[in-house]
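The values are calculated or read from the model by the stated rules, or taken from the named source; none is laboratory data. Owing to the predicted nature of the structure, the values given are computational and were not obtained by experimental measurement. In this analysis, Cβ positions are derived from the backbone assuming ideal geometry, glycine residues included, and neighbour counts consider all displayed protein chains.
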Amino acid sequence: MFGCWSTYRERLVAQRTALINDLRWHLHDRWPEFAIPARALTTSRWQDRVAGRLARAEQTARVRIARDELRRIRELTRSIDALERELADLVANLAPRLLAEQGCGVLTAAKLIGEIAGIGRFATDAKLARIAGSAPIPAASGRTDRHRLDRGGNRQLNCALHRLAVTKGRLDPDTADYLARKQADGKSRREALRCLKRHLARRVWRLLQPPPTERTPSPSPRPPKSSLAAITIHCNTPHSRFSLT
């Protein structure tokens with residue numbers, strides 16, 4: 001469910017971005033002096049401002065196309081905002097500990113949950129890191145000891161971990177110190193982020209584990225089999241007796 005909603009929202013965002021780029025071209029061609037800040041056309045304030053300017057202009061073909069594109073941008077914005085609110089409620093109910101992690105927003109948490117598709121599939125955090133493409137791959141040469149990028153695994157899951165790593169490195173002082181230590185040891189910024197992503201895979205795996213009260217109890221181990229006692233078999237003749245063990 002998370003994967004479907006998250007992917008659908010990403011498609012809507014891509015459609016809106018294409019419309020905004022086209023609308024910007026029409027507005028620049030009609031009014032070259034009209035400067036619009038980046039990401040401004042996703043807000044209602046600038047949408048209303050552009051709509052008023054287009055309504056007062058001469059209704060040429062280009063202006064009518066721009067008005068239709070603005071209408072569709074508004075519709076997509078409402079749908080995107082509604083999906084984000086719904087995802088926020090779902091994530092808060094399913095994985096509140098992951099959502100409370102510093103640097104992990106609603107969209108990143110929803111992407112992680114959707115791509116993992118059930119944390120019970122991974123017995124250890126190492127298996128999750130391998131499927132996410134964040135497990136280190138040795139690439140040593142001579143006296144150089146380093147690890148290279150793993151290009152396998154689920155790239156969408158890897159992308160979500162990368163966003164989480166970048167955000168935590170900017171907002172979390174402990175994470176920033178960790179990245180600084182790795183870079184002081186001679187690693188590049190990219191290599192330090194790879195190390196951080198491996199730690200974050202372990203962190204996400206632990207945060208998505210169900211509480212102890214919700215875990216399925218493991219079956220009690222069977223008692224060890226007792227060794228067979230010595231069996232004495234008596235024959236008919238009193239002088240022939242032997243033991244079978």
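Would a scan of the stretch 60-70 turn up a residue that is in contact (Cβ under 8 Å) with a residue 60 or more places away in the chain, closer than 30 Å to Cys4 by Cα and of a type outside the set (D, E, K, R)? Lay out the reasoning, then the answer.
First pass over the stretch 60-70, keeping only residues in contact (Cβ under 8 Å) with a residue 60 or more places away in the chain: none.
Checked against the condition, which is being in contact (Cβ under 8 Å) with a residue 60 or more places away in the chain, closer than 30 Å to Cys4 by Cα and of a type outside the set (D, E, K, R), the stretch 60-70 yields no hits at all.
All but one of (1) surrounded by 11 or more Cβ atoms within 10 Å (Cβ to Cβ); (2) not assigned by TED's automatic domain parsing to the domain that holds Ala160 hold for Asp29, so report the exception by its number.
Of everything listed in (1) surrounded by 11 or more Cβ atoms within 10 Å (Cβ to Cβ); (2) not assigned by TED's automatic domain parsing to the domain that holds Ala160, Asp29 misses just condition (1).
Mind listing whichever residues of the stretch 171-196 are crowded, with 18+ Cβ neighbours inside 10 Å, out of contact with any Lys or Arg (no Cβ under 8 Å at 6 or more places or on another chain) and either within 15 Å of Gln102 (Cα to Cα) or not basic (Lys, Arg) (or both)?
Scanning the stretch 171-196 gives a single hit, Leu193.
Any idea which residue in the stretch 197-215 is farthest from the chain's Cα centre (by Cα), counting only those that are in a helix (DSSP H, G or I) and loosely packed, with under 11 Cβ neighbours inside 10 Å? First the steps, then the outcome.
Here is the first cut: in the stretch 197-215, the ones in a helix (DSSP H, G or I) are 197-207, 212-214.
Those still in the list that are loosely packed, with under 11 Cβ neighbours inside 10 Å too: 212-214.
Values: Pro212: 24, Thr213: 26, Glu214: 23 Å.
Ranking the qualifying residues of the stretch 197-215, first place goes to Thr213.
Is it the case that the stretch 132-151 has a residue that's more than 27 Å from Lys187 (Cα to Cα), not in a loop (DSSP other than H, G, I, E, B) and not charged (D, E, K, R)?
no
Where residues in the stretch 56-109 are polar (S, T, N, Q), over 17 Å from the mean Cα position of the chain (by Cα) and under 24 Å from Thr17 (Cβ atoms), which of them is surrounded by the fewest Cβ atoms within 10 Å (Cβ to Cβ)?
Ser79
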